[in-house]
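Asker: Could you have a look at this structure, given as structure tokens, before my questions?
The values are calculated or read from the model by the stated rules, or taken from the named source; none is laboratory data. Model, not experiment: these values are computed from the prediction. When we count neighbours, we look across all protein chains shown, and the Cβ atoms used for this are built from the backbone with ideal geometry, even at glycine. Each accessible area value is taken on the protein alone, full model and side chains, heavy atoms only, with ligands, DNA and RNA left out. Shrake-Rupley method; radii C 1.70, N 1.55, O 1.52, S 1.80 Å.
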Amino acid sequence: MSDTISPIDTDPYARGDEENVDRVYTAAGGDWSEISAEHADSDDQTVVINMGPQHPSTHGVLRLMLELDGETIQNLRAGIGYLHTGIEKNMEFRSWTQGSTFVTRMDYVAPLFNEAAYSMSVERLLGIEDEIPERTQVIRVLMMELCRIASHLVCIATGGMEAGALTVMTIGFREREMILDFFEAVTGLRMNHGYIRPGGVSTDLPDNALAQLKEVIAWLKKRLPEYAKFCNENPIFKGRMKGVGHMDLATCMAFGVTGPPLRSTGYDWDLRRKQPYCGYEDYDFEVVTWDEPDAYGRFRIRLEEINQSLHIVEQCAERLAATEGQSIRVDDPKLAWPAELTVGADGQGNSNEHLRHIMGESMEALIHHFKLVTEGFKVPAGQAYVPIESPKGELGAHVVSSGGTNPYRVHMRDPGFNHLQTLPVMGEGGMISDLVLAIGSIDPVMGGVDR
């Protein structure tokens with residue numbers, strides 16, 4: 001052995017009471033041929049490595065501990081918690097309405113679904129589910145379906161990039177930008193909106209919203225067929241995706257897998273149809289299934305679900321035109337926060353009309369505004385769980401109230417948390433390169449997993 005590389009029996013970095021499990025190598029000069037020759041003479045057959053938590057192909061700060069035999073995965077364990085933000089605990093010290101601004105930051109790729117599940121759970125505790133105006137429900141469906149399209153586009157774009165289809169990545173984010181521009185026009189923010197709140201939504205659509213929405217629909221209708229042309233029958237794309245991350249129906253049921261991975265087994269479980277909410281039972285759309293429960297099948301499901309969501313968005317546009325002028329929140333000034341808010345012409349803060357009303361015309365409006373903003377409304381003691389169909393699967397909010405102005409406990413059932421438990425099933429026995437595609441096919445977002 002050279003002077004720069006020496007196999008030794010003592011690890012200089014070990015504690016005094018630790019014994020060597022195997023041969024220890026100290027490399028200072030980089031003569032890897034001698035190291036590999038020494039290692040080849042030993043009985044070592046596997047190596048343990050970290051993939052992440054900052055690896056670009058883990059879809060967030062996810063750590064995977066892999067035991068490899070060459071490039072074949074023998075054992076796989078996921079390490080989570082690197083994006084833990086304490087959202088659920090923080091909500092115990094905020095009002096019920098402020099909770100929307102916290103939950104929206106969990107699955108940050110599909111924030112409006114977090115807000116919807118939480119708000120509907122609070123509304124169930126309040127007993128006002130049947131009082132939500134029709135226009136409010138239509139706006140919620142519109143925003144969620146646009147958000148579903150945007151989330152699926154991110155999944156398809158990043159999955160395409162990892163498979164080497166870089167054009168799919170660039171066009172995926174191109175279409176998403178159109179949707180985020182619309183969100184910004186409606187809510188003031190591209191992401192983390194805090195728009196869907198208990199009792200309604202924060203503001204009505206702006207005057208030019210329907211015109212801009214029609215432009216978004218026209219753009220998506222023109223561009224979405226490109227994805228099918230690039231990928232559906234592309235032999236290279238199919239070769240990289242088919243058979244990767246196989247997960248049959250029994251496995252999905254055992255691990256609580258929902259959403260596109262479950263529907264790729266052929267099981268048509270979609271909460272918008274099975275347990276309708278927000279008036280989904282009145283919309284015309286199909287639940288998409290597939291007969292290949294692998295990465296390719298999940299890609300095809302998301303691609304077709306985008307088309308189905310766009311069909312729902314078109315129906316929402318018609319209903320919004322028919323409900324123009326209707327209320328966007330429950331008819332109770334003690335719950336609707338802020339009371340009768342209208343945004344100024346510059347989009348930055350309350351309008352002069354709103355300020356004039358609460359400051360100079362109505363003492364009752366001023367009192368309601370002050371009480372709601374500083375203290376919040378009270379929610380009857382009890383608990384509720386409302387699940388909805390997010391782009392990833394079943395997203396539910398378990399909300400517990402002790403009768404006060406802030407939650408006693410809020411726990412979010414994020415589908416990505418369940419789906420990550422399936423990684424050993426999908427990855428062990430396969431290659432590292434296939435593991436990247438398997439992770440992308442279940443579409444985890446670590447903000448939702450870790451919370």
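Asker: Under a Cβ-only charge scheme (Lys and Arg +1, Asp and Glu -1), can you give me the dipole magnitude of the chain about the Cα centre, in debye to the nearest 20? Can you show the working numbers first?
Answerer: On the way: 40 positive and 66 negative charges, 299 e Å.
Dipole magnitude for the chain comes out near 1440 debye.
Asker: Something else now. May I ask you to give the solvent-accessible area per residue for the chain, in square angstrom, as obtained with a 1.4 angstrom probe? Could the numbers behind the result be given before it?
Answerer: Working: 20260 Å² over 451 residues.
About 45 Å² of surface per residue is accessible.
Asker: Give me the one-decimal nm value for the distance between modelled label points at LYS89 and LYS242, 7 Å along each residue's Cα-to-Cβ direction.
Answerer: 4.9 nm
Asker: Can you give the FRET efficiency to the nearest 0.05 for VAL47 and GLU281, using r as the Cβ-Cβ distance and R₀ = 45 Å?
Answerer: Details: r = 54 Å, r/R0 = 1.20.
That pair, VAL47 with GLU281, gives E of 0.25.
Asker: Pop out the Kirkwood hydrodynamic radius of the chain from its pairwise C-alpha distances, inverse of mean 1/r, in Å to one decimal. Each step should come with its number before you reach the end.
Answerer: Values: mean 1/r = 0.0413 Å⁻¹.
Mean inverse Cα-Cα distance, inverted, gives 24.2 Å.
Asker: Between ASP181 and ARG409, take the C-beta separation as r, use R0 = 45 Å, and let me know the FRET efficiency to the nearest 0.05. Walk me through the numbers before you get to the answer.
Answerer: Working: r = 37 Å, r/R0 = 0.82.
Taking R0 as 45 Å, the efficiency between ASP181 and ARG409 is 0.75.
Asker: By how many nm would the segment from THR101 to MET363 grow when fully extended, if each residue of separation counts as 0.36 nm and the alpha-carbon distance is taken off?
Answerer: 91.5 nm
Asker: Based on DSSP H assignment, which helices of the chain show an axial Cα extent of at least 18 Å together with a mean Kyte-Doolittle hydropathy greater than or equal to 1.6? Write down the numbers at each step before the final one.
Answerer: Details: long enough: 111-126 (23 Å, 0.27); 134-162 (42 Å, 0.62); 166-187 (31 Å, 0.61); 209-223 (21 Å, 0.09); 295-322 (41 Å, -0.24).
Passing helices, by number: none.
Asker: Pop a pseudo-label 7 angstrom from the Cα along the beta-carbon direction at both SER433 and LEU166 and give the gap in nm to one decimal.
Answerer: 1.7 nm
Asker: Shifting gears a bit: On a full-extension model of 0.36 nm per residue, what is the gain between LYS214 and ASP17, subtracting their alpha-carbon distance, rounded to one decimal in nm?
Answerer: Full extension from LYS214 to ASP17 adds 63.8 nm.
Asker: For segment 199-346, compute Rh as the Kirkwood radius over C-alpha pairs and then the Stokes-Einstein diffusion coefficient at 37 °C and 0.692 mPa s; write the answer in µm²/s, rounded to an integer.
Answerer: Working: Rh = 18.4 Å.
It comes out at roughly 178 µm²/s.
Asker: Which values of log₁₀ I(q)/I(0), to two decimal places, follow from the Debye formula for segment 91-222 at q = 0.09, 0.15, 0.16, 0.21 Å⁻¹ with a uniform point scatterer at every Cα?
Answerer: Taken in order of the listed q values, log10 I(q)/I(0) reads -0.29, -0.74, -0.82, -1.21.
Asker: What spacing in nm lies between the two simple spin-label points modelled at TYR82 and PHE230, each 7 Å away from Cα in the Cβ direction?
Answerer: Rounded to a tenth, the inter-label distance reads 2.7 nm.
Asker: Additional query: Suppose R0 equals 35 Å. What FRET efficiency, 1/(1 + (r/R0)^6) with r the Cβ-Cβ distance, do ARG273 and GLN54 give to the nearest 0.05? Spell out each step's value before the answer.
Answerer: Values: r = 39 Å, r/R0 = 1.12.
The formula returns an efficiency of 0.35 here.
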